[in-house]
Amino acid sequence: MPEQGERRIVLVRHAKAVPKNVTEDFERALSDRGCHDAPRAGDWLERSGYGVDLALCSSARRARQTWQLMMPLLSAPPPTLYQARLYEAEAHDLLSAVAEAAAEVTGIVLIGHNPAIHEVAKSLCGAGPKKLVRRLGAAFPTSAVAVLTVKGGWDGVAPGAARLAAFWAPGDD
């Protein structure tokens, strides 16, 4: 878990989905590539040691599938809340979901969609290794995972308040 007085936000963009013209957007399933990459993201998260104690996941099919393929790789999968409001959410909606977390929660993983996941990551990131921060600013690919740390309570999570601790995307390992 995070250091004393620190909270962890792990942002995950859902894995690659089938094309938009295949079915209604909300029901889009993962592509073969997505089914391959999502467990790799779970494996990286487990190996990295960045544990969390709550998962907030978009209720869109591709986000649910991503998280369901990541969870078996985690030694201590957290309780999960599937939330429709995280589908088609804007960055401020994701921040609101995080701000509502209970005080005893010290680490949250949020599984969602671009552009909001990328916007939140860029907005929160006020510090971190320069190369990693530049890389995060450039793109947030499918199945990517950003780990940010913040001081204080969830209600204080605001632009520039986080430190980027790690950023992983398929192809990094």
Practice prompt. Report the label-to-label distance for Ala99 and Arg33 in nanometres (one decimal), using points 7 Å from each Cα along the Cα→Cβ vector.
Written response: 3.6
Worksheet item: With every protein chain left in place, what is the accessible area of Leu132 in Å² (1.4 Å probe, nearest 10)?
Response: 40
Discussion item. Bin width 5 Å, origin at 0, all Cα-Cα pairs of the chain: what percent of pairs per bin?
Written reply: 2, 9, 20, 24, 22, 15, 6, 2, 0, 0
Practice prompt. Could you tell me, in Å, what Rg and Dmax come out for the Cα atoms of the stretch 31-73?
Written response: 10.4, 29
Discussion item. Leaving ligands and nucleic acids out of the surface, order Cys35, Cys125 by accessible area at 1.4 Å, largest first.
Written reply: Cys35, Cys125
Fill in: Nearest-10 value in Å² for the accessible area of Phe26, using the 1.4 Å probe
50
Discussion item. If I fit a long axis through the Cα atoms of helix 32-48 and take the longest principal axis of the Cα atoms of the chain, what angle between them do I get, 0 to 90°, rounded to 10?
Written reply: 20
Item to complete: Check each of the GluC sites (Glu not before Pro) in the stretch 1-75 and keep only those in coil by DSSP with at most 13 other C-beta atoms within 10 angstrom; list them in order.
Response: Glu3, Glu24
Practice prompt. Tell me what the chain gives for mean residue ellipticity at 222 nm when only DSSP H runs of n ≥ 4 count, each as -39,500 (n - 2.57), the sum divided by the residue total, rounded to 500 deg cm²/dmol.
Written response: -9500 deg cm²/dmol
Item to complete: Keeping every protein chain in place, order Ser31, Ser123 by accessible area at 1.4 Å, biggest value first, i.e. largest first.
Response: Ser123, Ser31
Practice prompt. Order the following by accessible area, largest value first: Tyr82, Tyr87. Probe radius 1.4 Å; ligands, DNA and RNA are ignored.
Written response: Tyr82, Tyr87
Worksheet, complete the sentence: Expected field for Asp53, accessible surface area in Å² at 1.4 Å probe radius, rounded to 10, holds 50
Discussion item. Taking the square root of 5 times each eigenvalue of the Cα gyration tensor, what semi-axes in Å does the equivalent ellipsoid of the stretch 73-135 have, largest first?
Written reply: 21, 17, 12
Worksheet item: Rounded, prolate or oblate: which fits the stretch 82-173 when a ≥ b ≥ c are the square roots of the eigenvalues of the alpha-carbon gyration tensor, with rounded for a/c under 1.5 and prolate only if a/b beats b/c?
Response: oblate
Response to the item:
To the nearest 20 debye, the stretch 1-120 has a Cα-centred charge dipole, built from +1 on Lys and Arg Cβ and -1 on Asp and Glu Cβ, of 400
Worksheet, complete the sentence: Using alpha-carbon positions, the gyration tensor of the stretch 1-94 gives root eigenvalues a ≥ b ≥ c; with a/c under 1.5 called rounded, otherwise prolate if a/b exceeds b/c, else oblate, the class is oblate
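The values are calculated or read from the model by the stated rules, or taken from the named source; none is laboratory data. Just so you know, these numbers come straight off a predicted model, no measurement behind them. In this analysis, Cβ positions are derived from the backbone assuming ideal geometry, glycine residues included, and neighbour counts consider all displayed protein chains. We work out accessible area using only protein heavy atoms, side chains counted, and drop any ligands, DNA or RNA first. Shrake-Rupley method; radii C 1.70, N 1.55, O 1.52, S 1.80 Å.
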